[in-house]
Amino acid sequence: MTNKGTYKNFNGEIVEFNYNSELSLSQKVNFVMEVAEMIVSETIGYAYIIKEVIFNYCLVKYFTDIAIFENDEDFSLDMIDAFIKDNKETVIDTITKAMGEDMFNELSKACDEAIEFRKAHFSDYKEEISDLLQVVREFVVKPDYLNELLIALTNAVNSFAEKSDIDMDMVNKLADIIPVMKEMGSKEVAKAIVEEYHQNTPNEDV
């Protein structure tokens, strides 16, 4: 159902807008994905400070016909923040009242869970890989570094075990290597690991 309300634009003018009290399932999915993707990214990590602003921005974007920006390239967090502050009662509160507590809680919970998933997805496991490769380099030069390499391999496998974005075939290969290496004790094993890593990440400089 479409309803009507008014808001104040950036020129201080009072403008009429239309808003809905419901979203389709696909719109809900897009809403949640957009919130999560804007709050958690590979470049800046978890931007908690903009969580509420982005959620409110998506309320405006998905429930109303208000176009805060004429063009996508004009996107500005400061402008969103200013718009929401100027129109909290007339727009944000109006939308949340119309959608009802159940839908609001549903979207909030779904966004929180999506954010947590992305936080885990983009968690930094580069440190474990860096430590592992450094020990491998040492072992190639000094074969008596076998114990250190075994420890690094074990730590890497344990660290990757709960990360859904890790190639589990590679994790299992590492897990299988550990007991074999205990018997071999040869630097050829380390060289084989380096070659295997190159095959999977050809741009990595080992």
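Answer yes or no as to whether ILE68 is modelled with pLDDT under 95 and surrounded by 12 or more Cβ atoms within 10 Å (Cβ to Cβ). For ILE68, the condition - modelled with pLDDT under 95 and surrounded by 12 or more Cβ atoms within 10 Å (Cβ to Cβ) - is met.
Yes or no, residue by residue, for (1) hydrophobic (A, V, I, L, M, F, W, C); (2) at pLDDT 55 or above; (3) closer than 19 Å to ASN30 by Cβ:
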site	(1), (2), (3)
LEU107	yes, yes, yes
CYS111	yes, yes, yes
LYS119	no, yes, no
GLU128	no, no, no
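Answer yes or no: is there a residue in region 3-26 that is polar (S, T, N, Q), more than 19 Å from ILE115 (Cβ to Cβ), open to solvent by 80 Å² or more (accessible area, probe 1.4 Å) and modelled with pLDDT under 95. There is at least one residue in region 3-26 that is polar (S, T, N, Q), more than 19 Å from ILE115 (Cβ to Cβ), open to solvent by 80 Å² or more (accessible area, probe 1.4 Å) and modelled with pLDDT under 95.
The values are calculated or read from the model by the stated rules, or taken from the named source; none is laboratory data. Please read all numbers here as calculations on a predicted model, not as lab measurements. Note: ideal-geometry Cβ built from the backbone for every residue, glycine included; neighbour counts use all protein chains shown. Surface areas here come from the heavy atoms of the whole protein model, side chains and all, with no ligands, DNA or RNA. Shrake-Rupley method; radii C 1.70, N 1.55, O 1.52, S 1.80 Å.
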